[in-house]
Amino acid sequence: MPKRIAVLVSGGGTNLQALIDAQGRGEIVGGELSLVISSNPSAYALERAEKAGIPHCVVARKSYPSNQAMTVALTEKLKEARIDLVVLAGFMVILTGEMVQAYPNAILNVHPALIPSFAGPGCYGLHVHEKALEYGVKLTGATVHFVSEECDGGPIVSQKAVDVLPDDTPE
């Protein structure tokens with residue numbers, strides 16, 4: 001039985017699309033994209049899920065009084081869908097300990113920097129790239145890591161470096 005994978009998103013869904021494409025090429029072995037959840041009801045990622053025929057829903061941060069309340073609701077939704085593995089792909093909400101406790105060593109995050117650089121609270125989305133350019137680094141990249149209760153502090157699974165070019169912008 002393949003592992004049921006949920007992808008959590010907040011925006012355009014380029015990482016989600018990469019996962020959809022990888023699944024289409026047969027590169028996701030032992031798992032299947034089974035659910036997409038967005039924290040943002042207008043995220044383009046939801047259209048990507050729709051086009052790929054993946055069930056999707058919204059658990060909007062604004063609908064809950066705190067990150068903790070949202071995390072509890074999100075965890076319940078994942079459990080209802082019998083999800084085995086959670087992938088945070090451009091998900092712009094800091095989850096609280098309830099999620100890590102419900103899915104120990106089963107939550108992966110895609111972070112747009114080479115952890116430990118440009119990581120932790122405040123380092124998300126374009127902010128990461130702005131900081132890298134301000135600092136003047138010559139290399140940046142992406143990190144896939146397991147999620148722990150420490151923001152961007154879980155074990156690293158994979159990293160890929162890319163050159164920072166003189167005319168690069170945060171975008």
Next item on the list: With an 8 Å cut-off on Cα pairs and a minimum separation of 6 or more residues, tell me the relative contact order of the chain in percent.
Entry: 19 percent
Note to self: Using alpha carbons only, how many angstrom separate the centre of the range 12-83 from the centre of the range 96-171?
What the structure shows: 20 Å
Next item on the list: Provide, for q = 0.17 Å⁻¹, the log10 of I(q)/I(0) from a solvent-free Debye sum over equal Cα point scatterers in the range 1-106.
Entry: -0.73
Check: In the range 26-118, which GluC sites (Glu not before Pro) are in a loop and have at most 13 other Cβ atoms within 10 Å, using DSSP for the loop call?
Finding: GLU27
Next item on the list: Round to the nearest 10 and give me the degree value, 0 to 90, for the angle of helix 126-135's Cα axis relative to the longest principal axis of the chain.
Entry: 20 degrees
Notebook entry, point to check: Counting pairs of Cα atoms in the range 108-171, how many percent are more than 14 Å apart?
Noted result: 50 percent
Notebook entry, point to check: If you take the charge dipole of the chain about its Cα centre, with +1 on Lys and Arg Cβ and -1 on Asp and Glu Cβ, which of PRO65, PRO166, ALA18 is farthest toward its positive end?
Noted result: PRO65
Check: Taking Cα atoms, how many degrees apart are the long axis of helix 14-24 and the longest axis of the chain, rounded to 10 and kept between 0 and 90?
Finding: 60 degrees
Note to self: Before I look further, what does the chain give for accessible area per residue, probe 1.4 Å, in whole square angstrom?
What the structure shows: 55 Å²
Margin query: Once neighbouring chains are kept in place and the probe is 1.4 Å, which whole percent of the accessible area of the chain is contributed by carbon and sulfur?
Written below: 54 percent
Next item on the list: For helix 67-80, report the angle its Cα long axis makes with the longest principal axis of the Cα atoms of the chain; keep it between 0 and 90° and round to the nearest 10°.
Entry: 50 degrees
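The values are calculated or read from the model by the stated rules, or taken from the named source; none is laboratory data. Because the structure is predicted, anything quoted here is derived from the model rather than measured. Glycine gets a Cβ as well: all are built from the backbone with ideal geometry, and neighbour counts include every protein chain shown. To get the accessible areas, we keep the full protein, side chains included, count just its heavy atoms, and leave off ligands, DNA and RNA. Shrake-Rupley method; radii C 1.70, N 1.55, O 1.52, S 1.80 Å.
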